Amino acid sequence: MKELIENKEYKNWLVELKTKIKTSQIKAALSVNSELIMLYWEIGKMITEKQQNAKWGESFIVQTAKDIKRDFPELTGFSKSNLYAMKQFYMFYNQDNTIFQQLAGKLEPEIVQQVDGQLQQSEYKDNSLNTENILVKIPWQHHVLILQKTKDINQAIFYVKETITNNWSRAVLEYQIETDLYSRQGKAIINFNLTLPEPDSDLANSILKDPYNFDFLTLSKKAKEKELESKLVEHISQFLLELGKGFAYMGRQFLLKVGTKEFRTDLLFYHVKLRSYIVIELKMTEFEPEFIGKLGFYVTSINQLLKTQYDNPTIGILLCKTKDNLVVDFTLKDVNNPIGVSGFSYTELPENIKNELPTKEQLENEIFNKIEN
């Protein structure tokens, strides 16, 4: 490491690096996040190129962190681990120039809504970031998390786009990655392309997942639909997070009066982007074709009783514990209402353990008795 400190090439390189940091400090007052991300990209590029050309070892990054700390003691974010992350950041997104070109365009909301997420491309001549690149639109710690949790560049870009579109916090981003939203988004079996106009059909498809992850619930294997419904409402915050942005909860067991009879939906939502009512029916069994008939009736009823001229057609979502995809596909082919079918999972609690656990009322009484005593 002593040889590196005395190396003239390294000294010149360090001067160039510190100049970039000083310049960035001035610009950061105007645009904190974008300037920081662009600086980190440039540092990652400089480290990568210098290691490749000068054949400097890993100690080079350690020494660089020490020199920056000495000359900029008030600055944070230039530790050894963060410098490694900057290098990884640059190398990861620079590995495929075609994909990187896609990142260099303005992020239009209506484009993000498309399933394939194609971006408009701006004129782009080198591999430097600019303020129009979507990589500068999310915080650095979000990038670090994505780099730690994903290996595929398409998957990483998906989470970058979704973070921007939904304004995810780091905690929410981590949840979405750990529950593998990338593999589940837009995977439900649907008939939207036959029952909804474009681009509504694409947007409607993009909001559905398969399977839905209800691991925030603990139910027995013998649980019924009403228990699942009750638990989902009880944990409405987590449920809405799993459903995704745009869902507004309207109620459970929503009353529909048709003729002389009364009917009740399991769960009713309104989607603000689609401008559509969404009926969700829950089945704790394997999918059966007759389930679609009942859900279709609810969709038609809401279109007749609730939908206004300003609303788009109501959408039905059937969530089943298991399903045969071919049976679902056959069932939906000649259905006129827009309907999607997905599976779901939750934490199963063995019945013998469940019987040993106290009920909510027993817990409340125990707490009350302790307070009284």
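Things to note:
- Selected from 213, 193, 253, residue furthest toward positive end of dipole (region 190-295; charges at beta carbon): 253
- Förster radius 51 Å - calculated FRET efficiency between residue 250 and residue 130 (Cβ-Cβ, nearest 0.05): 0.75
- Distant-in-sequence amide H partners of residue 324 (H built 1.01 Å from N, under 5 Å): 287
- Amide H contacts for residue 317 (H built 1.01 Å from N in the peptide plane; partners 5 or more residues away or on another chain; cut-off under 5 Å): 279, 280, 281, 340.
- Residue order, fewest to most surrounding Cβ atoms within 10 angstrom, among 260, 331, 19: 260, 19, 331
- For region 187-355: Kirkwood Rh in Å [reciprocal of mean 1/r, alpha carbons]: 16.4 Å
- Gain on full stretching of the segment that runs from residue 220 to residue 187 - 0.36 nm per residue minus C-alpha separation: 9.2 nm
- Modelled spin-label separation between residue 71 and residue 333, with each label point placed 7 Å from Cα along the Cα-to-Cβ direction: 7.0 nm.
- Taken one residue at a time, the phi angles of region 153-165 give Karplus couplings (6.51, -1.76, 1.60, θ = phi - 60°) of 5, 5, 5, 4, 5, 4, 6, 4, 4, 5, 4, 5, 4 Hz. Gly and Pro are set to x.
- The Cα atoms of region 122-238 give a gyration tensor whose axes a ≥ b ≥ c have a/c of 1.5 or more with a/b no greater than b/c, which makes the shape oblate.
- FRET efficiency, residue 49 to residue 8 (Cβ-Cβ, R0 25 Å, nearest 0.05): 0.90
Throughout, read-outs are computed from the coordinates displayed, never taken from laboratory work. Nothing here was measured: the structure is a model prediction, and the numbers come from that model. Note: ideal-geometry Cβ built from the backbone for every residue, glycine included; neighbour counts use all protein chains shown.
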